[in-house]
Amino acid sequence: MRNRLTRMDPVPAKTFEHDPDAMILNLFYEDKDDRWFPGDRHLRRMARRLLLGEPRMSGQLRVFLNLCAGLDRLGIRYRVNDYGYIAQHPKELACIIGRTFLLDKFAWKNPILLGVAAHNHPLDDPDLFKRLPVKKVVVPGPWYVDMYRPHWPDTEAWPIGIDTDLWAPSRASQKTFDVLIYDKVHWDRERYAPQLIEPVRARLRKEGRSFTELRYGSYKEEDFQAALARSRAMIFLCQNESQGIAYQQALSCGVPVFAWDPGGPWRDPDYYPHRVQFAPVSSVPYWDERCGAKFLDVAQFEAGWDDFWAGCVAGAFDPRGYILDNLTLEQRALQYYEIARSIVRQPAQASGRPVEERSTGSTPELELHQRHQMS
């Protein structure tokens, strides 16, 4: 049974085996900012819990927690939201994972590694590299890099790792559904609901395939885990993904994916077509033939479904193998660490306070999630 304390006990940091004199990362992440008066984010959080129950895990928070989990496994030491320390050591690197309000919350003098839970597009802050000591921006995937670099040349792709212990294959006896339809169609939904989603359902019904559905934003992580455990395959419906953590969690569970990958321009209505016209995008930016198959439109879905399903029945795919080779917690945490080291190029200086205390300045919500992650 998990301890539900709202304060996280200090946990001694392990030694990074590859480099015992390695730098200590200074991580900064906050999910919510004050809106009306200092500290009101805590009251708003409590009110939401009373009215709506426990909040769903945000993608940004999942990025932060998985980075910390990967660093823990590697034994790389880090501090969290230690503004006092970073103010006293202006030459040390500040790793601001998110969100953008943190850029204006503190008088940053330190070199900054920014991302991935930050801007949607460089046009949101075109003078970022001039007004702040940002040295590099990381974004979740390769097509996002291509979109950013004309504006911010110092941009690099960094995907977060997947917890392959948590997202693991279930027994064959648990598979009570043929297909999980994962619905993340949010732009032009009134068009795609009849033109894509319903034809997918109709094909499965016609063949007598049992299926269940989850719609993005309306479930909790444990609901998704349970659905994957019961499903033999997943149909992934999404216009584009910067990384696509959900479909990668499915792959980690050994569930092959039939992915709608329409390509084309980035159609975020806040930017397209009046501010940004960028192409091509992808809904599955990390992928190879082991993961499953892709289709461009409903015609390709109809044409390709039989081959995909036959591959599932024959065990022709190895989706978990792809994740183990490319997207584990350790692999991606090490990449993040190496990006940080490439900026600093020297070990961090010893401070006058114990470096074994990993977290200071965290909010109760963040600490509770951290305890949940490590328990």
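Roughly to the nearest percent, how much of the accessible area of region 282-324 is carbon and sulfur, given a 1.4 Å probe?
On region 282-324, the fraction of accessible area on carbon and sulfur atoms equals 54 percent.
Probe radius 1.4 Å, ligands and nucleic acids ignored: give me the carbon and sulfur share of the accessible area of region 165-239 as a rounded percent. Please list the in-between numbers first.
On the way: 1790 of 3750 Å².
The value for region 165-239 is 48 percent carbon and sulfur by accessible area.
Which value, in Å², gives the accessible area per residue of region 149-297 when a 1.4 Å probe is used on the protein heavy atoms?
Numbers: 6440 Å² over 149 residues.
Each residue of region 149-297 exposes 43 Å² on average to a 1.4 Å probe.
Going down the table (K136/K294; K136/K184; K105/K130), which pairs top 23 Å between alpha carbons?
Flagged as over cut-off: K136/K294; K136/K184.
Give me the orientation-averaged projected area of the Cα convex hull of region 59-204, in nm², one decimal. Before the final figure, lay out the partial values.
Numbers: hull surface 51.0 nm².
Seen from a random direction, the Cα hull of region 59-204 projects 12.7 nm² on average.
Once you have a ≥ b ≥ c as the square roots of the Cα gyration tensor eigenvalues for region 115-183, tell me rounded if a/c is under 1.5, and otherwise prolate or oblate according to whether a/b is larger than b/c.
Since a/c reaches 1.5 and a/b is larger than b/c, the shape of region 115-183 is classed as prolate.
How big is Rg to Rh over region 206-290, alpha-carbon atoms, Rh as the Kirkwood inverse-mean-distance radius?
With Rg and the Kirkwood Rh in hand, the quotient comes to 1.02.
Expressed as a fraction of 2.2 N^0.38 Å, the rule-of-thumb size for a compact globular protein of N residues, what is the C-alpha radius of gyration of region 301-346?
Compactness ratio reported: 1.96.
For region 158-269, what Kirkwood radius comes out of the mean inverse Cα-Cα distance, in Å?
Result for region 158-269, one decimal place: 14.7 Å.
For A299 and A314 in the same chain, what is the full-extension length gain: residue separation times 0.36 nm, less their Cα-Cα distance, in nm?
Details: separation 15, 0.36 × 15 = 5.40 nm, distance 2.39 nm.
Here the segment from A299 to A314 would lengthen by 3.0 nm.
Please report the spacing between the Cα centers of region 114-128 and region 251-325 in Å, no decimals.
About 27 Å separates the Cα centre of region 114-128 from the one of region 251-325.
Suppose R0 equals 51 Å. What FRET efficiency, 1/(1 + (r/R0)^6) with r the Cβ-Cβ distance, do D270 and D306 give to the nearest 0.05? Intermediate results must be reported in sequence, preceding the final value.
Numbers: r = 39 Å, r/R0 = 0.76.
Efficiency for this residue pair is about 0.85.
The values are calculated or read from the model by the stated rules, or taken from the named source; none is laboratory data. This is a predicted model, so every value here is computed, not measured. Here the Cβ is made from the backbone with ideal geometry for all residues, glycine too, and neighbour counts use every protein chain on show. Ligands, DNA and RNA are excluded from the accessible area calculation, which covers all protein heavy atoms including side chains. Shrake-Rupley method; radii C 1.70, N 1.55, O 1.52, S 1.80 Å.
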